[in-house]
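The structure appears right after this line, and notes come after that.
Values quoted throughout were computed directly from the atomic coordinates according to the rules given, and no laboratory measurement underlies them. Just so you know, these numbers come straight off a predicted model, no measurement behind them. As a convention, Cβ positions derive from the backbone with ideal geometry for all residues, glycine included, and neighbour counts pool all protein chains shown.
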Amino acid sequence: MSLRIETRSLSVSFGEVQAIKDVSLQVLANKVTAIIGPSGCGKSTFIKSLNRMNEIVGKATTNGSVLLDGKNIYDKDYDVVSLRRKVGMIFQKPNPFPKSIYDNVAYGPRIHGTREKTVLDKIVEENLKKATLWDEVSDRIAASALDLSGGQQQRLCIARALAVDPEVILMDEPCSALDPLATAKIESLIRKLSEEYTVVIVTHNMQQAARVSDYTGFFYLGKLVEFGFTKDVFENPKNPLTEKYITGEFG
Amino acid sequence: MNLKLLKQKIYFNFFRIVTAVVVAFLIYMIGTFVYNGIGVIDWTFLTDIPRRGMTEGGIFPAIVGTLYLTLATMAFALPIGIAAAIYLVEYAKEGRIVGAINSAIINLAGIPSVIFGLFGFGLFVVFMGLGTSILAGALTMSLLVLPIVIAATREALLSVPKSFREGSLALGATKWQTTRNNVLPYALPGMLTGIILAVARAAGETAPIITTAAFFFSPSIPTSPLQGTMALSTHIYYMATQHPNIGLVRPITYGTALVLLVMVLSLNLIAIIVRTRYRRRRNW
């Protein structure tokens, strides 16, 4: 079992507000790591610190380090563009671009210089298959991505992220805008993806964390309260706060 | 009748009348120019040079002059304005400096056009030695329409959802790739609307070119940007106030005004059409 991401005393603040404090956590390769916790606990900030998306907002200050395959991604000379290529992200609300299904998946490869149509065709088909969307859209990949259902759109976004060949996939509450059936599809997809990729998923849905993840971290007020095997965290929490949250006493 | 309802009725009718007055004035104004101007407009009027001390002939040099001035103005204002807006929206970190720049741009839009005229005269005509020329006039007017172009581009860029940018950046695209491939294409129709309005503004401006580019009379079409030119707006002004026989040339004044009015209103109409089509097509 190899280590893919390690955060060391990671703190992120937006202006005066400290969103996460002193988080040290390890993400193992080809495992699904879930981050749970009540709203505003910093779980979203945490996951966005793993591909430096926080700095897009502007005023984020990050302290501590995030090691990806042993290298600190917050080092001055670390190339943030190559980082985001290696660490893909799925957002809370499906955000397909207003282009065709094909062009959505081909967007990343094109950005990175792939021009030949035969190569792109192959990438598009392959990744739509990986995202279990191919069978539903193979006859209309030239149609607008916005005509797809919410669940299909989210799987399209997954295919789009996979198309640039990442190592890690971050998912920020990927099912919060979806119905139960679409959620079930995404969840089984997550399990499948972990064979090839490392997945970190933020979720407010504890059953979901229990169903899809190997490891779970519980965040509260910006701090990592507990981290361990999902089974242990849910069945045998060490911290009374975790137990309270899991049993639904607050949230 | 209930007092409240009566009050409401009175207010609504008042508003209705005020609106009607505004519309009536607009129609009356356009009507006046159409009524008084349509008679002199024929093929000769549009294609001939002014003759017999500008009491006869046409306004061809003024039409061409206005086209040249407008095109040259946009040639300066578009690249600079669009680039500035892209910088302000996509690159500059929000803060005091960007706030200051934005309010400077808003203030620039509020400066009277005659001030631009004087400034352009001092800087471009005299100091830079461009003389009374299309180039000097276009540079002056580009300063005037720059805030319009920047504001329109800014609004159009801001109307593109953040998620388009995040989605693209998360795939490892650079900021510029994201702007070029996933923001600008969706901002373009909105930008176009604002740009057309800026063109209409440039076509109609008078004060900035009186001091920098416009000739009272010129029988020929300018062949170089360093030459001055007649223009529709200034022609109207000169014919209405400076011509030795104002009464005699009144029909020509009205005719010229109608030509300019049609040009500017057509541009506005195009802007409206672009906007409605884009709103209908926009699906995000």
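Below 8 Å between Cα atoms, with a sequence gap of 6+, how large is the relative contact order for chain A in percent? Could you put the intermediate results ahead of the total?
Working: 491 pairs, mean separation 69.6, N = 251.
It rounds to 28 percent for chain A.
Classify chain B as rounded, prolate or oblate from the Cα gyration tensor: take a ≥ b ≥ c as the square roots of its eigenvalues, call it rounded if a/c is under 1.5, otherwise prolate when a/b beats b/c and oblate if not. Provide the component values of the computation, followed by the final result.
Working: a/c = 2.12, a/b = 1.26, b/c = 1.68.
Oblate.
In terms of the Cα gyration tensor, with a ≥ b ≥ c the square roots of its eigenvalues, is segment B:152-256 rounded because a/c is under 1.5, prolate because a/b exceeds b/c, or oblate? All intermediate terms of the calculation are to be shown ahead of the outcome.
Details: a/c = 5.27, a/b = 3.16, b/c = 1.67.
It is prolate, given that a/c is not under 1.5 and a/b is the larger ratio.
Taking the Cβ of each residue in B:I115, B:I63, B:I101 as the centre, tally the other Cβ atoms inside 10 Å and list the residues starting with the fewest. Could you put the intermediate results ahead of the total?
On the way: B:I115 12, B:I63 22, B:I101 15.
The order, fewest Cβ neighbours first, is B:I115, B:I101, B:I63.
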* Structure fact -> Which of A:K86/A:K130; A:K122/B:K175; A:K129/A:K231; A:K48/A:K244 exceed 23 Å between C-alpha atoms? The answer is A:K122/B:K175; A:K129/A:K231; A:K48/A:K244
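Determine the dipole magnitude for segment B:3-89: charges of +1 sit on the beta-carbon of Lys and Arg, -1 on that of Asp and Glu, nothing else is charged, the reference point is the Cα centre, and the result goes in debye to the nearest 20. Each step should come with its number before you reach the end.
On the way: 6 positive and 3 negative charges, 152 e Å.
Charge dipole, segment B:3-89, about its Cα centre: 720 debye, nearest 20.
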* Structure fact -> Rounded to the nearest Å, the spacing of the alpha-carbon centers of segment B:187-253 and segment B:65-95 is 22 Å
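Would you tally the net charge around A:E116, using a Cβ to Cβ cut-off of less than 11 Å, leaving A:E116 out, and scoring K and R as +1, D and E as -1?
Working: positive: A:R110, A:R115, A:K117, A:K122; negative: A:D121.
Once positives and negatives cancel, what remains is +3.
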* Structure fact -> Debye calc, one equal point scatterer per Cα of the protein assembly as shown, no solvent, log10 I(q)/I(0) at q = 0.07 1/Å comes to -0.60
* Could you work out how far the C-alpha centroid of segment A:26-55 sits from that of segment A:158-193, in angstrom? => 15 Å
* Structure fact -> Over all directions, chain A yields a Cα convex hull whose mean projected area in nm² is 13.5 nm²
* To do: Starting from the amide H of A:A34, placed 1.01 Å from N in the peptide plane, find each other amide H under 5 Å away whose residue is 5 or more places distant or on another chain.
  => A:I201, A:D214, A:Y215, A:T216, A:G217
* **Exercise: per-residue mean of other protein chain Cβ atoms within 10 Å, A:91-97** => 5
* Structure fact -> A:D172 neighbourhood, Cβ < 13 Å, K/R = +1, D/E = -1, net charge +1
* Could you please state, rounded to a whole Å, how far the C-alpha centre of segment B:33-54 is from the C-alpha centre of segment A:94-133? => 60 Å
* Structure fact -> Normalised Cα Rg of segment A:125-201, dividing by 2.2 N^0.38 Å with N its residue count, works out at 1.03
* With θ set to phi - 60° and the Karplus curve 6.51 cos²θ - 1.76 cosθ + 1.60, what are the ³J(HN,Hα) couplings of segment A:208-213 in order, to the nearest whole Hz, using x for Gly and Pro? -> 4, 4, 5, 6, 9, 9
* To do: Rounding to the nearest 20 debye, state how big the charge dipole of chain A is about its Cα centre with +1 on each Lys and Arg Cβ and -1 on each Asp and Glu Cβ.
  => 340 debye
* Which of the aspartates and glutamates could be linked to A:K185 by a straight reach, that is with a Cα gap under 16 Å, when you skip same-chain ones fewer than 8 residues away? -> A:D135, A:E136, A:E173
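Would you tally the net charge around B:V89, using a Cβ to Cβ cut-off of less than 14 Å, leaving B:V89 out, and scoring K and R as +1, D and E as -1? If you can, show how the numbers build up before the last one.
Working: positive: B:K93, B:R154, B:K162, B:R165, B:K175, B:R180; negative: B:E90, B:E94, B:E155.
Combined, the nearby Lys, Arg, Asp and Glu give +3.
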* For A:Y220, distant residues with modelled amide H under 5 Å away -> A:V225
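Is there a simple number for the mean count of other chain Cβ atoms within 10 Å of the Cβ of residues in B:173-180, and what is it? Spell out each step's value before the answer.
Values: counts 9, 4, 2, 0, 5, 1, 0, 1.
Averaged over the peptide's residues, the number is 3.
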* Work out from phi, with θ = phi - 60° and the Karplus expression 6.51 cos²θ - 1.76 cosθ + 1.60, the ³J(HN,Hα) of each residue of segment B:230-243, listed in order in whole Hz, and give x for Gly and Pro. => 7, 9, 4, 4, 6, 4, 4, 4, 5, 5, 7, 10, 10, 5
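Could you tell me whether segment B:61-229 comes out rounded, prolate or oblate from its Cα gyration tensor? Rule is a ≥ b ≥ c as square roots of the eigenvalues, rounded for a/c under 1.5, then prolate if a/b exceeds b/c, otherwise oblate.
On the way: a/c = 2.82, a/b = 2.11, b/c = 1.34.
It comes out prolate by the Cα gyration axes.
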* HN-Hα J in Hz across segment B:211-219 - Karplus 6.51, -1.76, 1.60, θ = phi - 60°, x for Gly and Pro -> 8, 10, 9, 8, 9, 5, 8, 8, x
* Looking only at Cα atoms, what is the convex hull volume of segment A:70-111 per residue, in Å³? -> 104 Å³
